[in-house]
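The values are calculated or read from the model by the stated rules, or taken from the named source; none is laboratory data. Given the structure is predicted, the values throughout are model-derived calculations rather than measurements. When we count neighbours, we look across all protein chains shown, and the Cβ atoms used for this are built from the backbone with ideal geometry, even at glycine. Surface areas here come from the heavy atoms of the whole protein model, side chains and all, with no ligands, DNA or RNA. Shrake-Rupley method; radii C 1.70, N 1.55, O 1.52, S 1.80 Å.
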Amino acid sequence: QVQLVESGGGLVQPGGSLRLSCAASGSIFSRYAMAWYRQAPGKQRELVAVITGGGSTNYADSVKGRFSISRDNAKKLVFLQMNSLKPDDTAVYYCNTEVALKAYWGQGTQVTVSS
């Protein structure tokens, strides 16, 4: 069983920064890719960033150069550093992983970018 708990969301002005965290349970955390998704009101959930167990990363075009995903395998944490935030980044952000073909999701954390 895998549990994911996100934190770090909030209200930030355009151009500001936030750092999201995802705490994971499970004894083999380091083996699996971890991802951040987001869902804005009225839109489908979309992939933001993914990091493999070995540390390789990939990003949605809309966040490249602004967001950075990282992980601390010893502490079973995944981070999403978000810089130069825009109003279009407003969404609920979800942590995700897949273990044995089963997807796991956190409860989400709200990020609002507004002046």
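Some observations on this one:
- Average accessible surface area per residue within the chain, 1.4 Å rolling probe, Å²: 54
- Candidate cross-link partners of Lys43 among the aspartates and glutamates, defined by an alpha-carbon separation under 14 Å and a same-chain spacing of 8 or more, comprise Asp88, Asp89.
- 3J(HN,Hα) along the stretch 105-115, derived from phi through the Karplus expression 6.51 cos²θ - 1.76 cosθ + 1.60 where θ = phi - 60°, amounts to 10, x, 7, x, 9, 7, 10, 10, 10, 7, 8 Hz, with x in place of Gly and Pro.
- Normalised by the number of residues in the chain, the mean separation of alpha-carbon contacts (under 8 Å, six or more apart) gives a relative contact order of 36 percent.
- Taking only protein heavy atoms and a 1.4 Å probe, the accessible area of the chain is 48% carbon and sulfur.
- Among Gln44, Gln13, Gln81, the largest mean-square fluctuation in a Gaussian network model of the chain (Cα springs under 10 Å) belongs to Gln44.
- Rounded FRET efficiency, nearest 0.05, which uses the C-beta distance separating Ser30 from Lys64 and R0 of 25 Å: 0.50
- Distribution of pairwise C-alpha distances over the chain, 10 Å bins, in %: 15, 50, 29, 6, 0
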